[in-house]
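The values are calculated or read from the model by the stated rules, or taken from the named source; none is laboratory data. What you see is a predicted model, and the numbers here were worked out from it, not measured in a lab. No Cβ is skipped: glycine too gets one built from the backbone with ideal geometry, and neighbour counts run over all protein chains shown.
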Amino acid sequence: MIRKVKGTRDILPPETRLWSAVEGIALEVLGGFGYAEIRLPILEPTELFVRTVGEGTDIVSKEMYTFADRKGRSLTLRPEGTAGVARCFIENGLGQRPQPLRLCYLGPMFRYEKMQRGRYRQFAQIGIEILGAAAPAADVEVVLALHTFLSELGFDDLRIKLNNLGDPEDRERFIALLKGELGPSRDELCDDCRRRWTENPLRILDCKVPRCRELVAATTPVSEVASDPARAHVDAVEAALAELAIPVERAPRLVRGLDYYLRTVFEVVSPELGDDTVICGGGRYDRLIADLGGAPVPGVGFAIGEDRLVEVLPASFAGPRLERRAVALLPVGAAAVAPAAGLARDLVRSGVAVETEVTGRSLKAGLKWAAKIDAVVAVILGERELGDGVAVVRDLGRGEQSAVPLDRVVAKVVELLAGGGDR
Ligand code: HAM
(Lines give C-alpha, C1' and ligand atoms only; values in the text may rest on other atoms or scores of the structure.)
Protein backbone atom coordinates (compact mmCIF):
# COMPACT_ATOMS: atom_id res chain seq x y z
CA MET A 1 0.00 0.00 0.00
CA ILE A 2 1.24 3.46 -0.84
CA ARG A 3 0.85 5.81 2.11
CA LYS A 4 0.66 9.56 2.24
CA VAL A 5 3.82 11.56 2.80
CA LYS A 6 4.57 12.04 6.50
CA GLY A 7 3.13 15.30 7.76
CA THR A 8 0.50 15.58 5.02
CA ARG A 9 -3.18 14.97 5.66
CA ASP A 10 -6.17 13.55 3.82
CA ILE A 11 -9.08 15.80 4.67
CA LEU A 12 -12.22 13.81 4.09
CA PRO A 13 -15.90 14.64 3.82
CA PRO A 14 -17.76 15.69 5.87
CA GLU A 15 -14.85 17.65 7.44
CA THR A 16 -14.18 19.28 4.09
CA ARG A 17 -17.50 21.05 4.54
CA LEU A 18 -16.08 22.81 7.58
CA TRP A 19 -13.08 23.90 5.56
CA SER A 20 -15.23 25.26 2.73
CA ALA A 21 -17.49 27.07 5.19
CA VAL A 22 -14.51 28.63 6.99
CA GLU A 23 -12.97 29.71 3.68
CA GLY A 24 -16.28 31.13 2.44
CA ILE A 25 -16.68 33.20 5.61
CA ALA A 26 -13.03 34.30 5.41
CA LEU A 27 -13.48 35.60 1.87
CA GLU A 28 -16.74 37.29 2.87
CA VAL A 29 -15.54 38.96 6.08
CA LEU A 30 -12.01 39.82 4.95
CA GLY A 31 -13.42 40.79 1.54
CA GLY A 32 -15.83 43.01 3.44
CA PHE A 33 -12.87 44.92 4.82
CA GLY A 34 -11.59 45.36 1.27
CA TYR A 35 -9.11 42.45 1.09
CA ALA A 36 -9.36 41.01 -2.42
CA GLU A 37 -8.27 37.46 -3.10
CA ILE A 38 -4.91 36.86 -4.73
CA ARG A 39 -3.68 33.44 -5.93
CA LEU A 40 0.04 32.96 -6.02
CA PRO A 41 2.37 30.11 -7.01
CA ILE A 42 3.23 27.42 -4.51
CA LEU A 43 6.67 27.13 -6.08
CA GLU A 44 8.99 30.09 -5.71
CA PRO A 45 12.73 30.65 -6.14
CA THR A 46 14.49 29.57 -2.94
CA GLU A 47 16.24 32.92 -2.70
CA LEU A 48 12.91 34.66 -2.08
CA PHE A 49 12.55 33.06 1.34
CA VAL A 50 16.23 33.27 2.21
CA ARG A 51 16.09 37.03 1.71
CA THR A 52 12.77 37.69 3.46
CA VAL A 53 12.03 35.10 6.12
CA GLY A 54 15.76 35.12 6.88
CA GLU A 55 18.70 32.76 6.63
CA GLY A 56 19.06 32.28 10.37
CA THR A 57 15.41 31.33 10.98
CA ASP A 58 14.30 27.77 11.63
CA ILE A 59 12.05 27.96 8.58
CA VAL A 60 14.89 28.70 6.18
CA SER A 61 17.69 26.82 7.90
CA LYS A 62 15.92 23.52 8.42
CA GLU A 63 12.27 23.44 7.38
CA MET A 64 12.07 24.25 3.68
CA TYR A 65 11.21 21.80 0.94
CA THR A 66 13.91 22.86 -1.46
CA PHE A 67 15.00 21.04 -4.59
CA ALA A 68 16.69 21.63 -7.90
CA ASP A 69 14.41 21.48 -10.93
CA ARG A 70 15.47 19.76 -14.15
CA LYS A 71 17.50 22.77 -15.16
CA GLY A 72 19.24 22.92 -11.80
CA ARG A 73 17.36 26.00 -10.48
CA SER A 74 16.78 25.98 -6.74
CA LEU A 75 13.04 26.05 -6.03
CA THR A 76 11.14 25.91 -2.74
CA LEU A 77 7.58 24.93 -1.87
CA ARG A 78 6.43 28.11 -0.16
CA PRO A 79 6.66 27.91 3.65
CA GLU A 80 4.53 31.07 4.05
CA GLY A 81 2.65 33.63 1.96
CA THR A 82 3.99 37.10 2.73
CA ALA A 83 7.23 36.76 0.75
CA GLY A 84 5.32 35.72 -2.38
CA VAL A 85 2.96 38.68 -1.99
CA ALA A 86 5.97 41.03 -1.77
CA ARG A 87 7.58 39.46 -4.83
CA CYS A 88 4.31 39.70 -6.76
CA PHE A 89 3.85 43.33 -5.68
CA ILE A 90 7.20 44.30 -7.15
CA GLU A 91 7.00 42.09 -10.24
CA ASN A 92 3.50 43.24 -11.24
CA GLY A 93 4.04 46.90 -10.44
CA LEU A 94 1.19 46.81 -7.93
CA GLY A 95 2.49 50.08 -6.53
CA GLN A 96 0.77 51.68 -9.54
CA ARG A 97 -2.65 50.69 -8.21
CA PRO A 98 -4.48 52.88 -5.71
CA GLN A 99 -2.76 52.49 -2.35
CA PRO A 100 -3.00 50.94 0.07
CA LEU A 101 -3.45 47.57 -1.56
CA ARG A 102 -5.44 45.04 0.45
CA LEU A 103 -4.90 41.38 -0.44
CA CYS A 104 -6.13 38.09 0.95
CA TYR A 105 -4.97 34.55 0.21
CA LEU A 106 -5.68 30.95 1.13
CA GLY A 107 -3.75 27.83 0.34
CA PRO A 108 -1.18 25.24 1.24
CA MET A 109 2.22 25.99 2.77
CA PHE A 110 5.05 23.54 3.44
CA ARG A 111 7.48 23.23 6.32
CA TYR A 112 9.54 20.23 7.26
CA GLU A 113 8.58 20.26 10.93
CA LYS A 114 8.38 17.63 13.61
CA MET A 115 4.87 16.20 13.46
CA GLN A 116 2.55 16.71 16.40
CA ARG A 117 -1.02 17.80 17.03
CA GLY A 118 -1.63 20.91 14.96
CA ARG A 119 1.79 20.77 13.31
CA TYR A 120 1.96 19.39 9.80
CA ARG A 121 4.38 19.50 6.90
CA GLN A 122 1.68 20.58 4.50
CA PHE A 123 -0.77 22.96 6.14
CA ALA A 124 -3.11 25.66 4.94
CA GLN A 125 -3.08 29.34 5.76
CA ILE A 126 -5.66 32.09 5.44
CA GLY A 127 -3.88 35.42 5.33
CA ILE A 128 -4.23 39.10 4.56
CA GLU A 129 -1.69 41.80 3.78
CA ILE A 130 -2.17 45.54 3.53
CA LEU A 131 0.60 47.22 1.54
CA GLY A 132 1.34 50.90 1.31
CA ALA A 133 0.06 52.00 4.72
CA ALA A 134 2.58 52.99 7.38
CA ALA A 135 0.19 54.44 9.96
CA PRO A 136 -1.00 52.57 13.07
CA ALA A 137 -4.53 52.65 11.59
CA ALA A 138 -3.48 49.83 9.22
CA ASP A 139 -2.31 47.60 12.09
CA VAL A 140 -5.57 48.34 13.88
CA GLU A 141 -7.60 47.35 10.84
CA VAL A 142 -5.68 44.10 10.38
CA VAL A 143 -6.29 43.04 13.98
CA LEU A 144 -9.91 44.19 13.73
CA ALA A 145 -10.45 42.12 10.56
CA LEU A 146 -8.90 39.11 12.30
CA HIS A 147 -11.03 39.55 15.40
CA THR A 148 -14.21 40.05 13.35
CA PHE A 149 -13.53 36.90 11.34
CA LEU A 150 -12.84 34.80 14.44
CA SER A 151 -15.96 36.17 16.18
CA GLU A 152 -18.01 35.39 13.08
CA LEU A 153 -16.90 31.76 13.44
CA GLY A 154 -18.21 31.83 17.02
CA PHE A 155 -14.92 31.99 18.93
CA ASP A 156 -15.02 33.76 22.26
CA ASP A 157 -12.10 32.18 24.10
CA LEU A 158 -9.11 33.08 21.95
CA ARG A 159 -6.38 35.40 23.22
CA ILE A 160 -4.57 37.97 21.13
CA LYS A 161 -1.01 38.70 22.30
CA LEU A 162 0.78 41.74 20.99
CA ASN A 163 4.29 43.13 21.24
CA ASN A 164 6.55 45.86 19.99
CA LEU A 165 9.70 44.62 18.24
CA GLY A 166 10.97 48.14 17.68
CA ASP A 167 12.67 49.23 14.47
CA PRO A 168 15.61 47.41 12.82
CA GLU A 169 17.93 50.10 14.22
CA ASP A 170 16.75 49.25 17.74
CA ARG A 171 17.51 45.64 17.08
CA GLU A 172 21.26 46.12 17.09
CA ARG A 173 21.02 47.71 20.53
CA PHE A 174 18.70 44.99 21.73
CA ILE A 175 20.96 42.20 20.50
CA ALA A 176 23.96 43.79 22.20
CA LEU A 177 21.96 44.04 25.45
CA LEU A 178 20.69 40.48 25.14
CA LYS A 179 24.16 39.10 24.53
CA GLY A 180 25.44 41.09 27.48
CA GLU A 181 22.75 39.67 29.74
CA LEU A 182 23.01 36.10 28.47
CA GLY A 183 26.79 36.15 28.17
CA PRO A 184 27.58 34.64 31.59
CA SER A 185 25.23 31.68 30.88
CA ARG A 186 26.14 31.23 27.25
CA ASP A 187 27.42 27.70 27.83
CA GLU A 188 24.08 26.66 29.28
CA LEU A 189 22.21 27.43 26.07
CA CYS A 190 21.19 24.55 23.79
CA ASP A 191 23.24 23.69 20.71
CA ASP A 192 20.79 25.48 18.42
CA CYS A 193 20.94 28.65 20.51
CA ARG A 194 24.74 28.60 20.57
CA ARG A 195 24.57 28.56 16.77
CA ARG A 196 21.93 31.33 16.84
CA TRP A 197 24.24 33.38 19.06
CA THR A 198 26.33 34.29 16.03
CA GLU A 199 23.87 33.71 13.17
CA ASN A 200 20.62 35.22 14.48
CA PRO A 201 20.59 35.98 18.23
CA LEU A 202 16.96 37.20 18.20
CA ARG A 203 15.87 33.63 17.51
CA ILE A 204 17.18 32.61 20.95
CA LEU A 205 14.05 34.32 22.27
CA ASP A 206 11.70 31.77 20.73
CA CYS A 207 13.67 28.67 21.62
CA LYS A 208 11.41 26.05 23.21
CA VAL A 209 14.12 24.33 25.27
CA PRO A 210 13.16 24.84 28.96
CA ARG A 211 16.61 25.98 30.17
CA CYS A 212 16.90 28.49 27.30
CA ARG A 213 13.43 29.77 28.18
CA GLU A 214 14.43 30.25 31.81
CA LEU A 215 17.53 32.18 30.86
CA VAL A 216 15.62 34.32 28.38
CA ALA A 217 12.93 35.08 30.97
CA ALA A 218 15.51 36.94 33.04
CA THR A 219 16.58 39.27 30.21
CA THR A 220 15.25 42.71 29.29
CA PRO A 221 12.21 42.35 26.99
CA VAL A 222 12.60 43.51 23.41
CA SER A 223 9.73 46.01 23.74
CA GLU A 224 11.71 48.00 26.32
CA VAL A 225 14.42 48.75 23.80
CA ALA A 226 12.05 50.16 21.15
CA SER A 227 12.72 53.72 19.95
CA ASP A 228 10.24 56.52 20.65
CA PRO A 229 8.59 56.44 17.18
CA ALA A 230 8.16 52.66 17.39
CA ARG A 231 6.72 53.02 20.87
CA ALA A 232 4.29 55.73 19.77
CA HIS A 233 3.22 53.54 16.85
CA VAL A 234 2.44 50.41 18.83
CA ASP A 235 0.91 52.37 21.73
CA ALA A 236 -1.48 53.97 19.23
CA VAL A 237 -2.42 50.54 17.87
CA GLU A 238 -3.08 49.28 21.37
CA ALA A 239 -5.13 52.34 22.34
CA ALA A 240 -7.37 52.04 19.28
CA LEU A 241 -7.91 48.32 19.87
CA ALA A 242 -8.86 49.07 23.47
CA GLU A 243 -11.34 51.65 22.23
CA LEU A 244 -12.83 48.98 19.96
CA ALA A 245 -13.10 46.65 22.99
CA ILE A 246 -10.85 44.09 21.27
CA PRO A 247 -9.03 42.37 24.11
CA VAL A 248 -5.31 42.36 23.48
CA GLU A 249 -2.61 41.33 25.96
CA ARG A 250 0.87 42.81 25.94
CA ALA A 251 3.48 40.07 25.61
CA PRO A 252 6.80 41.94 26.05
CA ARG A 253 8.92 38.94 25.06
CA LEU A 254 6.90 37.84 22.05
CA VAL A 255 9.07 37.56 18.97
CA ARG A 256 8.08 35.79 15.78
CA GLY A 257 9.92 33.12 13.84
CA LEU A 258 10.42 35.27 10.75
CA ASP A 259 13.00 38.04 10.35
CA TYR A 260 10.99 40.63 8.42
CA TYR A 261 8.92 41.99 11.29
CA LEU A 262 9.33 45.32 13.01
CA ARG A 263 7.17 47.29 15.47
CA THR A 264 3.80 45.53 15.84
CA VAL A 265 3.75 41.74 16.12
CA PHE A 266 0.88 39.62 17.37
CA GLU A 267 -0.29 36.06 17.82
CA VAL A 268 -3.57 34.36 18.61
CA VAL A 269 -3.67 31.37 20.94
CA SER A 270 -6.48 29.07 22.05
CA PRO A 271 -7.01 27.34 25.41
CA GLU A 272 -7.39 24.03 23.55
CA LEU A 273 -4.08 24.04 21.65
CA GLY A 274 -2.09 26.01 24.21
CA ASP A 275 0.43 28.83 23.86
CA ASP A 276 2.93 26.93 21.73
CA THR A 277 0.53 25.96 18.95
CA VAL A 278 -0.37 29.37 17.70
CA ILE A 279 -3.53 29.77 15.61
CA CYS A 280 -2.51 32.98 13.89
CA GLY A 281 0.59 35.11 13.61
CA GLY A 282 1.15 38.50 12.09
CA GLY A 283 2.78 41.86 12.23
CA ARG A 284 4.32 44.79 10.42
CA TYR A 285 7.12 44.48 7.84
CA ASP A 286 7.97 47.93 6.49
CA ARG A 287 11.36 46.98 5.00
CA LEU A 288 10.43 43.75 3.25
CA ILE A 289 9.59 45.08 -0.21
CA ALA A 290 12.59 47.42 -0.25
CA ASP A 291 14.85 44.56 0.89
CA LEU A 292 13.67 42.62 -2.17
CA GLY A 293 14.66 45.50 -4.43
CA GLY A 294 11.30 47.29 -4.59
CA ALA A 295 10.25 50.74 -3.39
CA PRO A 296 10.04 51.34 0.36
CA VAL A 297 6.45 50.12 0.69
CA PRO A 298 5.30 49.39 4.26
CA GLY A 299 3.10 46.42 5.04
CA VAL A 300 1.23 44.62 7.77
CA GLY A 301 -0.74 41.39 7.80
CA PHE A 302 -1.43 38.04 9.39
CA ALA A 303 -1.81 34.38 8.53
CA ILE A 304 -4.10 31.93 10.28
CA GLY A 305 -3.22 28.24 10.33
CA GLU A 306 -6.41 26.79 8.91
CA ASP A 307 -5.73 23.24 10.12
CA ARG A 308 -5.43 24.52 13.68
CA LEU A 309 -8.43 26.80 13.32
CA VAL A 310 -10.67 23.99 12.07
CA GLU A 311 -9.43 21.75 14.87
CA VAL A 312 -10.71 24.12 17.56
CA LEU A 313 -13.85 25.48 15.85
CA PRO A 314 -16.65 26.10 18.34
CA ALA A 315 -19.32 23.37 18.36
CA SER A 316 -21.94 26.03 17.55
CA PHE A 317 -20.22 26.47 14.19
CA ALA A 318 -19.08 22.94 13.47
CA GLY A 319 -22.22 21.05 14.50
CA PRO A 320 -24.73 22.56 12.08
CA ARG A 321 -22.21 22.52 9.21
CA LEU A 322 -21.67 18.79 9.55
CA GLU A 323 -25.40 18.01 9.44
CA ARG A 324 -26.60 16.42 6.27
CA ARG A 325 -29.96 17.18 4.78
CA ALA A 326 -29.73 15.12 1.60
CA VAL A 327 -32.48 13.60 -0.50
CA ALA A 328 -31.99 10.01 -1.68
CA LEU A 329 -33.37 9.31 -5.14
CA LEU A 330 -34.22 5.66 -5.63
CA PRO A 331 -34.99 4.58 -9.18
CA VAL A 332 -36.22 1.00 -9.29
CA GLY A 333 -35.74 -0.70 -12.65
CA ALA A 334 -33.93 0.43 -15.79
CA ALA A 335 -36.83 2.53 -17.07
CA ALA A 336 -36.61 4.76 -13.97
CA VAL A 337 -32.95 5.69 -14.44
CA ALA A 338 -33.43 8.63 -16.81
CA PRO A 339 -36.50 10.08 -15.05
CA ALA A 340 -34.63 9.87 -11.74
CA ALA A 341 -31.63 11.64 -13.24
CA GLY A 342 -33.96 14.33 -14.61
CA LEU A 343 -35.54 14.75 -11.20
CA ALA A 344 -32.07 15.01 -9.64
CA ARG A 345 -31.34 17.88 -12.00
CA ASP A 346 -34.60 19.66 -11.08
CA LEU A 347 -33.92 19.24 -7.36
CA VAL A 348 -30.35 20.48 -7.62
CA ARG A 349 -31.53 23.49 -9.61
CA SER A 350 -33.96 24.23 -6.77
CA GLY A 351 -31.09 24.18 -4.30
CA VAL A 352 -31.76 20.73 -2.87
CA ALA A 353 -28.83 18.34 -2.33
CA VAL A 354 -29.54 14.89 -3.77
CA GLU A 355 -27.80 11.56 -3.96
CA THR A 356 -29.09 9.15 -6.56
CA GLU A 357 -28.90 5.38 -6.26
CA VAL A 358 -26.85 4.35 -9.29
CA THR A 359 -25.75 0.83 -8.47
CA GLY A 360 -29.01 -1.00 -9.26
CA ARG A 361 -30.11 -1.76 -5.68
CA SER A 362 -33.56 -3.16 -4.99
CA LEU A 363 -36.03 -0.84 -3.27
CA LYS A 364 -35.38 -2.49 0.10
CA ALA A 365 -31.62 -2.23 -0.25
CA GLY A 366 -32.03 1.32 -1.58
CA LEU A 367 -33.92 2.38 1.55
CA LYS A 368 -31.21 0.87 3.75
CA TRP A 369 -28.59 2.80 1.82
CA ALA A 370 -30.64 6.01 2.19
CA ALA A 371 -30.63 5.53 5.97
CA LYS A 372 -26.89 4.90 5.96
CA ILE A 373 -26.12 8.13 4.16
CA ASP A 374 -28.37 9.99 6.62
CA ALA A 375 -30.82 11.11 3.96
CA VAL A 376 -33.81 13.04 5.29
CA VAL A 377 -36.16 12.27 2.43
CA ALA A 378 -36.27 9.44 -0.11
CA VAL A 379 -37.96 9.77 -3.49
CA ILE A 380 -38.86 6.39 -4.97
CA LEU A 381 -39.36 6.07 -8.68
CA GLY A 382 -40.64 2.60 -9.51
CA GLU A 383 -41.93 1.47 -12.87
CA ARG A 384 -45.51 1.34 -11.60
CA GLU A 385 -45.32 4.82 -10.11
CA LEU A 386 -43.86 6.17 -13.33
CA GLY A 387 -46.71 4.58 -15.26
CA ASP A 388 -49.08 6.54 -13.00
CA GLY A 389 -47.09 9.76 -13.39
CA VAL A 390 -46.17 9.87 -9.70
CA ALA A 391 -43.24 9.28 -7.37
CA VAL A 392 -43.35 8.16 -3.77
CA VAL A 393 -41.93 10.79 -1.45
CA ARG A 394 -40.96 9.36 1.92
CA ASP A 395 -40.13 11.36 5.01
CA LEU A 396 -37.45 9.10 6.47
CA GLY A 397 -37.63 10.73 9.89
CA ARG A 398 -41.33 10.22 10.39
CA GLY A 399 -41.63 7.11 8.23
CA GLU A 400 -44.58 8.71 6.38
CA GLN A 401 -44.93 8.61 2.63
CA SER A 402 -47.28 9.68 -0.13
CA ALA A 403 -47.56 9.43 -3.91
CA VAL A 404 -46.90 12.82 -5.47
CA PRO A 405 -47.46 13.81 -9.15
CA LEU A 406 -44.06 14.08 -10.85
CA ASP A 407 -44.40 17.80 -11.52
CA ARG A 408 -45.00 18.44 -7.82
CA VAL A 409 -42.17 16.33 -6.41
CA VAL A 410 -39.70 19.21 -6.15
CA ALA A 411 -42.24 21.40 -4.31
CA LYS A 412 -43.11 18.55 -1.95
CA VAL A 413 -39.47 17.80 -1.15
CA VAL A 414 -38.72 21.46 -0.55
CA GLU A 415 -41.73 21.65 1.77
CA LEU A 416 -40.60 18.58 3.72
CA LEU A 417 -37.07 19.91 4.09
CA ALA A 418 -38.32 23.33 5.18
CA GLY A 419 -40.63 21.67 7.71
CA GLY A 420 -37.55 20.36 9.43
CA GLY A 421 -37.92 16.75 8.36
CA ASP A 422 -36.77 16.39 11.96
CA ARG A 423 -35.60 13.06 13.15
P1 HAM B 1 3.75 32.10 10.86
O2 HAM B 1 3.55 32.41 12.29
O3 HAM B 1 4.99 31.44 10.48
O4 HAM B 1 3.54 33.45 10.06
O5 HAM B 1 2.55 31.19 10.38
C6 HAM B 1 1.21 31.63 10.55
C7 HAM B 1 0.37 30.51 11.08
O8 HAM B 1 0.47 29.35 10.26
C9 HAM B 1 0.80 29.99 12.45
O10 HAM B 1 0.31 30.84 13.46
C11 HAM B 1 0.16 28.63 12.49
O12 HAM B 1 -1.20 28.72 12.84
C13 HAM B 1 0.23 28.20 11.04
N14 HAM B 1 1.32 27.23 10.89
C15 HAM B 1 2.63 27.49 10.78
N16 HAM B 1 3.34 26.33 10.69
C17 HAM B 1 2.43 25.34 10.75
C18 HAM B 1 2.52 23.91 10.69
N19 HAM B 1 3.68 23.28 10.55
N20 HAM B 1 1.37 23.20 10.79
C21 HAM B 1 0.19 23.83 10.92
N22 HAM B 1 0.05 25.15 10.96
C23 HAM B 1 1.14 25.90 10.88
C24 HAM B 1 3.58 33.56 8.70
O25 HAM B 1 3.55 32.62 7.96
C26 HAM B 1 3.49 34.98 8.23
N27 HAM B 1 3.58 34.97 6.76
C28 HAM B 1 2.22 35.64 8.70
C29 HAM B 1 2.08 37.05 8.23
C30 HAM B 1 1.36 37.50 7.21
N31 HAM B 1 2.72 38.09 8.75
C32 HAM B 1 2.39 39.18 8.08
N33 HAM B 1 1.56 38.82 7.13
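Descriptive notes on the structure:
- The residues on offer are Gly24, Gly81, Gly34, and the sole one that is at positive phi and modelled with pLDDT of 95 or more is Gly34.
- For Ala295: the one exception among (1) within 14 Å of the ligand (Cβ to nearest atom); (2) of a type outside the set (Lys, Arg); (3) assigned to a loop (DSSP other than H, G, I, E, B): (1)
- Sub-7 Å Cβ pairs linking a first residue in segment 298-312 that is over 17 Å from Thr148 (Cβ atoms) to a second residue that is assigned to a loop (DSSP other than H, G, I, E, B) and near the ligand (Cβ under 7 Å from one of its atoms), at least 6 apart or interchain, are Gly299/Tyr285; Gly305/Ile279; Asp307/Gly118; Asp307/Tyr120; Arg308/Gly118; Arg308/Ile279; Glu311/Gly118, ordered by first then second residue.
- Qualifying residue in segment 142-158 (condition: within 13 Å of the ligand (Cβ to nearest atom), outside any helix (DSSP H, G or I) and among the hydrophobic types (A, V, I, L, M, F, W, C)): yes
- Per-region count, segment 214-226, residues surrounded by 15 or more Cβ atoms within 10 Å (Cβ to Cβ) and either among the small types (Gly, Ala, Ser) or not in a helix (DSSP H, G or I) (or both): 4
- For Ala134, the criteria (1) in contact (Cβ under 8 Å) with a residue 60 or more places away in the chain; (2) within 11 Å of the ligand (Cβ to nearest atom) hold in every case but one, which is (2).
- Residue pairs whose Cβ atoms lie under 6 Å apart, sitting 6 or more positions apart in sequence or on different chains, and linking a residue in segment 99-128 that is at pLDDT 95 or above and in a strand (DSSP E or B) to a partner that is among the acidic types (Asp, Glu) and within 7 Å of the ligand (Cβ to nearest atom), are Leu103/Glu129; Met109/Glu80; Arg119/Glu113; Phe123/Asp307.
- Each residue in segment 323-344 was checked for being farther than 15 Å from Ala375 by Cβ and surrounded by 13 or more Cβ atoms within 10 Å (Cβ to Cβ), and 7 pass.
- Screening segment 237-272 for residues that are at pLDDT below 95 and touching a Gly at 6+ places or on another chain (Cβ under 9 Å) and picking the one that is farthest from the ligand (Cβ to nearest atom) gives Asp259.
- Top-ranked residue in segment 57-99 [being surrounded by 15 or more Cβ atoms within 10 Å (Cβ to Cβ) and among the charged types (D, E, K, R); ranked as farthest from Gly299 (Cα to Cα)]: Glu63
- Residue in segment 160-173 that is in a loop (DSSP other than H, G, I, E, B), at positive phi and not hydrophobic (A, V, I, L, M, F, W, C) present: yes
- The listed residues are Asp276, Asp286, and the only one of them that is in a loop (DSSP other than H, G, I, E, B), among the acidic types (Asp, Glu) and either farther than 19 Å from Gly118 by Cα or within 6 Å of the ligand (Cβ to nearest atom) (or both) turns out to be Asp286.
- Verdict on Ser74 being farther than 26 Å from Gly132 by Cα and modelled with pLDDT under 95: no
- Considering (1) without any contact (Cβ under 8 Å) to a residue 40 or more places away in the chain; (2) more than 10 Å from the ligand (Cβ to nearest atom), the lone condition that Arg325 does not fulfil carries the number (1).
- Cross-chain or 6+ apart pairs with Cβ under 9 Å, segment 404-420 first and at pLDDT 95 or above, then β-branched (Val, Ile, Thr) and part of a helix (DSSP H, G or I): Val404/Val413
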